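Peer 1: Can you read through this structure? Questions will come right after.
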Amino acid sequence: MEKKKQTDDYLYLKHAIENMMPANKILGLKILKIQSGYAYIQIPFKEEFIGDFIQKRWHGGILASIADTAGGVVGATLLNSIQDKLNTIDMRIDYLHGAIIGDIFAEAKIVKNGKTIIKVDIELFQNDRKDPVAIARCVYSVLRDET
């Protein structure tokens, strides 16, 4: 039987992801909601994230980083200890339309929590949840500490 995480565990996880991971600090990542198998994050717009300087659109590589990060955040909700390891092994992203100046939101949900892999679906959107700018599926290898 899988033991349930306490609210304090998610608060620590939120703090660690937002404040102790340098890449997430660069992104300005804020976790708006986190629970087992689900995460909802926000990345505030920065001029440095523009990839198309003529149309002022987000760089696709930044969007891919956000998707992978959101997948890792939700994957971390299924880990049992700080000794567990989670690594990206595959990622697919479909860009649906350009992301304009403004914050990006990511909603990540677990598709499969297996013994050695975790699959996550991620949607990136801006003002309208029903109009995502990109959708992604990430697969992570997971090595759970058995001690």
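What follows is calculated from the coordinates using simple rules that are stated; it is not laboratory data. Note that this is a predicted model, so its numbers are computed, not measured. Note that each Cβ is placed from the backbone with ideal geometry, even for glycine, and that neighbours are counted across all protein chains shown.
Peer 1: Any idea how far apart residue 30 and residue 15 come out in nm if each label point goes 7 Å out from Cα toward Cβ?
Peer 2: It is 1.9 nm.
Peer 1: Now, a different point. Considering Cα pairs under 8 angstrom that are at least six residues apart, work out the relative contact order of the chain and quote it in whole percent.
Peer 2: 23
Peer 1: OK, next. For the chain, set up a GNM with springs between Cα atoms under 10 Å and report which of 22, 132, 44 has the largest fluctuation.
Peer 2: Most flexible of the set in this elastic network: 22.
Peer 1: To the nearest 20 debye, what charge dipole does the stretch 7-143 have about its Cα centre, counting +1 at the Cβ of each Lys and Arg and -1 at the Cβ of each Asp and Glu?
Peer 2: Approximately 220 debye in magnitude.
Peer 1: Set Lys and Arg Cβ to +1 and Asp and Glu Cβ to -1, take the dipole of the chain about its Cα centre, and tell me which of 55, 69, 117 lies farthest positive.
Peer 2: 117
Peer 1: Here's a follow-up. For residue 115, give me every one of the aspartates and glutamates with a C-alpha distance below 19 angstrom, ignoring sequence neighbours fewer than eight places off in its own chain.
Peer 2: Cross-link targets: 2, 84, 90, 145, 146.
Peer 1: Another question, then. What is the distance, in nm, between label points placed 7 Å from the Cα along the Cα-to-Cβ direction at residue 97 and at residue 144?
Peer 2: 4.1
Peer 1: Further question on the same structure: On a 0 to 90° scale, report how tilted helix 7-19 is relative to the longest principal axis of the chain, with both axes built from alpha carbons and the result rounded to the nearest 10.
Peer 2: The angle comes out near 40 degrees.
Peer 1: While we're looking at this one, here's another question. So which GluC sites (Glu not before Pro) in the stretch 82-147 end up in coil per DSSP with only 11 or fewer other C-beta atoms within 10 Å?
Peer 2: 146
Peer 1: Could you tell me the center-to-center distance, by alpha carbons, between the stretch 47-73 and the stretch 93-122 in angstrom?
Peer 2: After rounding, the separation between the Cα centres reads 13 Å.
Peer 1: State the label only: which of (i) 1.22; (ii) 0.91; (iii) 1.04 corresponds to Cα Rg over 2.2 N^0.38 Å computed from the shown model?
Peer 2: Looking at Cα Rg over 2.2 N^0.38 Å for this model, the match is (iii).
Peer 1: Still on this structure, please answer the following. For the stretch 132-143, what does the Karplus curve 6.51 cos²θ - 1.76 cosθ + 1.60, with θ = phi - 60°, yield as ³J(HN,Hα) per residue in whole Hz, taken in order and with x for Gly and Pro?
Peer 2: x, 7, 7, 10, 9, 10, 10, 10, 10, 7, 10, 10
Peer 1: For the chain, modelled as a GNM with alpha-carbon contacts under 10 angstrom, which of 135, 50, 89 fluctuates the most?
Peer 2: 89
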